[in-house]
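J.: This is the structure I want to talk about, given as structure tokens.
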Amino acid sequence: MSQSRRRRYIPRPDRPIVAVRLAFDTDGFDFRYRKWGGDQCAKAGDWLVHNDDDVYTVDSNVFARTYRAVPKCGSGAYVKTTPVWAERAEQPGVVPTKEGSTEYQAGDYLVSNSEDDSDRYAISAAKFESTYMAVDENDS
């Protein structure tokens, strides 16, 4: 991502997800699946997330750093609490992720959970815009 076009966004607080920790010993075997045009991999301790009409896994360290439980919503409800940095893709491509890789189209968002552009993923424009809101840079 180019630093000049990236913007900071925060998660909308009214968008909880449901997640379950994959709390089992795999004896070195990873859970593999195909999604977003690429092979994905989950490890013991990662999280299985149900986000509206989408189901995917999130790395255990990323989940611990970016999500918090929502006690009022009951067991398994979480909200993302940390900002992301994102820009719209000008052309299609593939982004490597912690779980594998994700194909994206022009107009989708390329997102990073870290300001240093690490921990990247891609998300459709409609999903991104319903999940995140831009931060006014004058407020930071």
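J.: Please compute the modelled spin-label separation between A106 and K72, points set 7 Å along Cα→Cβ, answer in nm with one decimal.
T.: 4.3 nm
J.: Still on this structure: Comparing D39, D25, D108, which has the greatest mean-square fluctuation in the GNM of the chain with Cα pairs linked when under 10 Å apart?
T.: D25
J.: Treating only the Cβ atoms of Lys and Arg (+1) and Asp and Glu (-1) as charged, compute the dipole magnitude of the chain about its Cα centre; round to the nearest 20 debye.
T.: Numbers: 19 positive and 23 negative charges, 58 e Å.
Dipole magnitude for the chain comes out near 280 debye.
J.: Under a Cβ-only charge scheme (Lys and Arg +1, Asp and Glu -1), can you give me the dipole magnitude of the stretch 63-140 about the Cα centre, in debye to the nearest 20?
T.: My answer is approximately 560 debye.
J.: Using the Karplus equation 6.51 cos²θ - 1.76 cosθ + 1.60 (θ = phi - 60°), what ³J(HN,Hα) coupling, rounded to whole Hz, does each residue of the stretch 105-110 give in order, writing x for Gly and Pro?
T.: Running phi through 6.51 cos²θ - 1.76 cosθ + 1.60 with θ = phi - 60° gives 10, 4, x, 5, 9, 9 Hz.
J.: Once the dipole of the chain is set up with Lys and Arg at +1 and Asp and Glu at -1 on Cβ about the Cα centre, which of V62, V111, S101 lies farthest towards its positive end?
T.: The listed residue farthest towards the positive side: V62.
J.: While we're on this one: Under 5 Å between amide hydrogens, which residues at least 5 positions from S114 or on another chain qualify, with H placed 1.01 Å from N in the peptide plane?
T.: W85
J.: Show the residues, 5+ positions off or on another chain, whose built amide H is closer than 5 Å to the amide H of G38.
T.: E103
J.: Quick one: net charge around T81, please, counting Lys, Arg +1 and Asp, Glu -1 for every other residue with C-beta under 10 Å from its C-beta. Write down the numbers at each step before the final one.
T.: Details: positive: R65, R68, K80; negative: none.
Once all neighbours under 10 Å are counted, the net charge is +3.
J.: Something else now. How about K35: which lysines have a C-alpha closer than 23 Å to its C-alpha, ignoring those fewer than 8 places off in the same chain?
T.: Candidates past the 8-residue exclusion: K43, K80, K98, K127.
J.: Find, among the GluC sites (Glu not before Pro) in the stretch 86-140, those assigned to loop by DSSP (not H, G, I, E, B) with at most 11 other beta-carbon atoms within 10 angstrom.
T.: Numbers: sites: E87, E90, E99, E103, E115, E129, E137; in loops: E90, E99, E115.
Counting only loop positions with at most 11 other Cβ atoms within 10 Å, the GluC sites (Glu not before Pro) in the stretch 86-140 are E90.
J.: If I stretch the segment between D39 and R15 completely, what's the gain in nm (0.36 nm per residue apart, minus their alpha carbon distance), one decimal? Mind dumping the intermediate values first?
T.: Details: separation 24, 0.36 × 24 = 8.64 nm, distance 2.68 nm.
Full-extension gain reported as 6.0 nm.
J.: If a paramagnetic tag sat 7 Å from the Cα of K127 along the Cα-Cβ line, which residues of the stretch 84-112 would have the backbone N under 12 Å from that point?
T.: Residues 102-105, 108-111 qualify, since their backbone N sits under 12 Å from the label point.
J.: Taking 0.36 nm per residue of separation and subtracting the Cα-Cα distance, what length does fully extending R5 through D30 add?
T.: Values: separation 25, 0.36 × 25 = 9.00 nm, distance 3.61 nm.
Result for the pair: 5.4 nm of gain on full extension.
J.: How far apart, in nanometres, would the label points at D136 and E87 be if each is projected 7 angstrom from Cα along the Cα-to-Cβ direction?
T.: In this crude label model, D136 to E87 measures out at 2.5 nm.
FYI, it's all coordinate maths here, none of it is from the lab. Quick caveat: nothing in here was measured; it's all calculated off a predicted structure. All Cβ positions, glycine included, derive from the backbone under ideal geometry; neighbour counts span all protein chains shown.
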